[in-house]
Amino acid sequence: MLRIIDVRTGEPVEAAPARRGLTRVQAHASGLDATALRVVLVSDLLVRALELGGTPVWSLLTGDRQQAELRAAAGALGIRPFEDGSDLGSGLGEAQVLHVMAGGAETGGGAQVSEAAGGGPVSGTAGGIPASETTGRAQVSGTAGGIPASETTGRAQVSGTAGGTPASETTGRAQVPETMEVTPASETTGRAVVAVAPVDSPTAAAPDLSDPGALRLALFSQPRDLPVRLDGEVLDEARRTLAHWRGAVADWARRPSRPVPDEVRVELRTAWEDDLNVPEVLRVLHRVETWPDLPDGARFETYAYADRLLGLELTRDIGSLA
């Protein structure tokens, strides 16, 4: 079962509802930059992981700037289309909602959601969604329309502590920002806020999409709640790895097919179902490549199976070798 860390509590929650009810994955991203692309890429990974587990998914994109440009770049990156989240209405009766948005990198080991993907503080709204959707309660800013938060929510204002203990001590992860209220898990069932750490890029220009597979792989190099460096060296390494793997998969495809070893399948699913630990998925693939006595046909099936999540087109070069 896929479990994802809810940044409001620092605790894992099940991304799929009971009995495989509909899950809404809503990405909150604006503008055409590497961080916005990482937000929609993490949303795409969530959709893929849920579908691999048999969960029906409804994916949306919400933002207020350069939505057409962002959607075009996402398509080039192999991210499947999102519906428009601006006219959400009452939804489709989904049993689970995952809000995916950019978070800051002010605290180590996790993303601090002090700003919504749309660029504004998380107070009355978060990335264009009412605070009641992300918290399950009323507005959680210090004041709401001039009324103290304690009067609009029925709770005391959270100021970096949860139950009198600093959030960093109660969760072991990122500190919950002062503008987001920590609500008991029993009151937030069915909703989670998934934070995506920013991309550190040497340029503010839009990412180079001339080699989308390499860019996608480079963005996988760190867990989604840790910042990722996107420079020439990282992209070159991603290009070399991707070219090598595609060539190897094309070569293995010429051998008789063999099933994915059970222990390997378990390793892969355990990795991506643990808060989308994609770097561990990549490490498993590196080990499988040199696994002693493993038939090449099993290596091929393993890479093809993992690529249903990764979307790196690892089988693209099949038939191109002499």
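Rule-based calculations on the coordinates, nothing more; no lab input. This one's a predicted model, so the numbers in the text were calculated from it and none came from an experiment.
Per residue of region 61-73, what does 6.51 cos²θ - 1.76 cosθ + 1.60 with θ = phi - 60° give for ³J(HN,Hα)? Whole Hz please, x for Gly and Pro, Karplus curve as stated.
10, 10, x, 10, 9, 6, 5, 5, 5, 5, 5, 5, 5
Gain in length, residue 3 to residue 277, computed as 0.36 nm per residue apart minus the alpha-carbon separation, to one decimal in nm?
Here the answer is 97.6 nm.
Report, by chain and number, residues whose modeled amide H sits under 5 Å from the one on residue 8, excluding near sequence neighbours (fewer than 5 apart, same chain).
Under 5 Å from the amide H of residue 8 lie the amide H atoms of 193, each far enough along the sequence or on another chain.
Give, in nm to one decimal, the length gained when the segment between residue 254 and residue 204 is fully stretched (0.36 nm per residue of separation minus the Cα-Cα distance).
Using 0.36 nm per residue and subtracting the Cα-Cα distance, I get 13.6 nm.
For region 232-310, what's the radius of gyration and Dmax over Cα atoms, in angstrom?
Radius of gyration, then largest Cα-Cα span, for region 232-310: 12.7, 38 Å.
Kindly write out, for region 243-257 in residue order, the coupling ³J(HN,Hα) from the Karplus curve 6.51 cos²θ - 1.76 cosθ + 1.60 (θ = phi - 60°), rounded to whole Hz, with x marking Gly and Pro.
My calculation for region 243-257 gives 5, 5, 5, 4, x, 5, 4, 4, 6, 4, 5, 7, 9, x, 5 Hz in order.
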